[in-house]
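Student: I have a structure here, written as structure tokens, and I will follow up with some questions on it.
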Amino acid sequence: MKITRLFILFITLCSLTTIANAQHDVVVDEVVAVVGKNIIKLSDVENAYSSIRRQQGYTNAKENRCQILESILLNKLLVHKGEVDSVEVTDDEVEQQVQYYLKNYIRQYGSKEAMFKATGYTYEDLHDIYFRLLKDRIISQRVEGSLTDNVKITPREVAEYYNAIPKDSIPMI
């Protein structure tokens, strides 16, 4: 009787150890890039891809994911530069834009409950998501503006630059 109990206990412990080890091998999310203190997770790219696909019906998955990652990297780079340069954005500025988006969502779905059923996000969840996204967008727009404000280029200069590139070096689009 004692041996049976020990055997059952041993099997139970082995099973629990196997389950625990298997859980360590499951990747929930992974970091695909780091810009300054900002990380870009695979889920960020996948969420953006899913959103674009729902809206526009993209079919070239690999190419679009690369473009999405490039866009996110550029945005995070501008946000990082904004943090380094101490670009100020008030919460009131961001809140105005967040409210605009949330009101449109509620108008589109009819109510907060219908919005939750359609998106899977509560009003508060969407508020937090949009607040972070829009704050980063405002910072990146301000940084981009400060970088390009003094850039003056004419169409003639663009044409001259383009014509100076050897024809075999221009990529096929």
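Student: Over 10 Å intervals from 0, what percent of Cα-Cα pairs in segment 65-109 sits in each interval?
Tutor: Bins of 10 Å from zero give 23, 28, 39, 11 percent of pairs.
Student: Which of the GluC sites (Glu not before Pro) across segment 52-142 are loop residues per DSSP, with 10 or fewer other Cβ within 10 Å? Display every interim value, and only then the final one.
Tutor: Details: sites: E63, E70, E83, E88, E93, E95, E113, E124; in loops: E88.
Passing both the DSSP loop test and the Cβ count: E88.
Student: Now for a different question. Listed here are the pairs K76/K167; K41/K112; K81/K167; K135/K167; K41/K152; which of them are more than 32 Å apart at the Cα? Present the calculation step by step, with values, prior to reporting the outcome.
Tutor: Numbers: K76/K167 34 Å; K41/K112 29 Å; K81/K167 36 Å; K135/K167 42 Å; K41/K152 36 Å.
Violating the 32 Å limit, Cα to Cα: K76/K167; K81/K167; K135/K167; K41/K152.
Student: Sticking with this structure for a sec: Along Cα→Cβ, 7 Å out, is where each label goes; now give me the distance between the ones at D85 and S51 in nm to one decimal.
Tutor: 2.4
Student: Per residue, how large is the accessible surface of segment 65-154? Use a 1.4 angstrom probe and give square angstrom. Don't skip to the answer; put the middle values down first.
Tutor: On the way: 6250 Å² over 90 residues.
In whole numbers, segment 65-154 has 69 Å² accessible per residue.
Student: If you stretched the chain out fully between I153 and E70, how much longer would it get, using 0.36 nm times the residue separation minus the C-alpha to C-alpha distance?
Tutor: Details: separation 83, 0.36 × 83 = 29.88 nm, distance 2.49 nm.
Between I153 and E70, full extension yields an extra 27.4 nm.
The values are calculated or read from the model by the stated rules, or taken from the named source; none is laboratory data. The model shown is predicted, which means the values in this text are computed figures rather than measured ones. Glycine gets a Cβ as well: all are built from the backbone with ideal geometry, and neighbour counts include every protein chain shown. All accessible areas refer to the heavy atoms of the entire protein, side chains included, with ligands and DNA or RNA removed. Shrake-Rupley method; radii C 1.70, N 1.55, O 1.52, S 1.80 Å.
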